[in-house]
1. What is the angle, in °, between the Cα long axis of helix 47-59 and the longest principal axis of the Cα atoms in the chain? Nearest 10 is fine, range 0 to 90.
2. With the contact rule set at Cα under 8 Å and sequence spacing of 6 or more, what percent relative contact order holds for segment 1-126?
3. For residue 115, what residues show an amide H to amide H distance below 5 Å, using hydrogens built from the backbone and excluding near sequence neighbours?
4. Could you pull out the longest piece of the chain with no exposed loop GluC sites (Glu not before Pro) in it, calling a site exposed if DSSP puts it outside H, G, I, E, B and it has at most 15 other Cβ atoms within 10 Å?
5. Can you give the angle from 0 to 90° between the axis of helix 156-165 and the longest principal axis of the chain, with both taken from C-alpha atoms, to the nearest 10?
6. Kindly provide the pair-distance distribution of segment 115-186 built from C-alpha pairs, with 5 Å bins from 0 and whole-percent values in order of increasing distance.
7. Quick check: the angle from helix 91-100's long axis to the longest principal axis of the chain, C-alpha only, nearest 10 degrees?
8. Which shape class, rounded, prolate or oblate, goes with segment 54-134 when its Cα gyration tensor gives a ≥ b ≥ c as root eigenvalues, a/c under 1.5 marks rounded, and past that a/b bigger than b/c marks prolate?
Amino acid sequence: MNCPTVFDLIAHVAQETGARLILIGGFAINAYGVARNTLNVDFLISEADYQKLKGPLLAQGYEETVRTEVFVKQTHKDRGAMPIDLLFVDPNTFEMIWRGGGETTISGHKFKTPSLLHLIALKLHAIKKGSKDRFWKDLPDIINLVVANRMDVSSSNFVEICRKFGPEGIHQKIQEATQGGLDGKS
């Protein structure tokens, strides 16, 4: 299989196996108009679909280098190849995000992306449940997404995702950070 980029490989393997993935992380942020560098590619996936991809990725030189209940990092034997991070979600959550999402094209391949609110909810969840360094990584992404997409941070939908997925006080921090550029409105 001739796959010059990780995106060529993922698109090919997903098509061959029928596995569904949702692009998240830095590349999804880029799809919403925020320039952000990243050293890996991140996807949401169900455990069942990951099992479909695991063998073909191994055959192409990728291997699991980190595995938890909710996350797998696949690293290529050629350390110059981009790592693939796969975040597991339950099938119902996956379906909800899949149905509500859009798509972006990378390297000539279409990839499903979460809606803007779902992407922010994922970032909020990472801040709430992840390590302390997630706050300083994910909060700037959220602020940049809000500003670039002229989101109304006082809308009931936005307030609700902050309350439901983020740590206490996060909505206030986002509102204060975006007040100057947008007055909190779209």
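Read-outs: derived from the displayed coordinates by stated rules, not from any lab. All figures in this text were calculated on a predicted structure; none of them were measured in a lab. We place every Cβ from the backbone using ideal geometry, glycine too, and count neighbours over all the protein chains shown.
1. 50
2. Worked out over segment 1-126, it gives 26 percent.
3. 101, 102
4. Of all site-free stretches, the longest is 70-167.
5. 60
6. P(r) over segment 115-186, rounded to whole percents: 3, 19, 32, 28, 13, 4, 0.
7. Rounded to the nearest ten degrees, it is 70.
8. oblate
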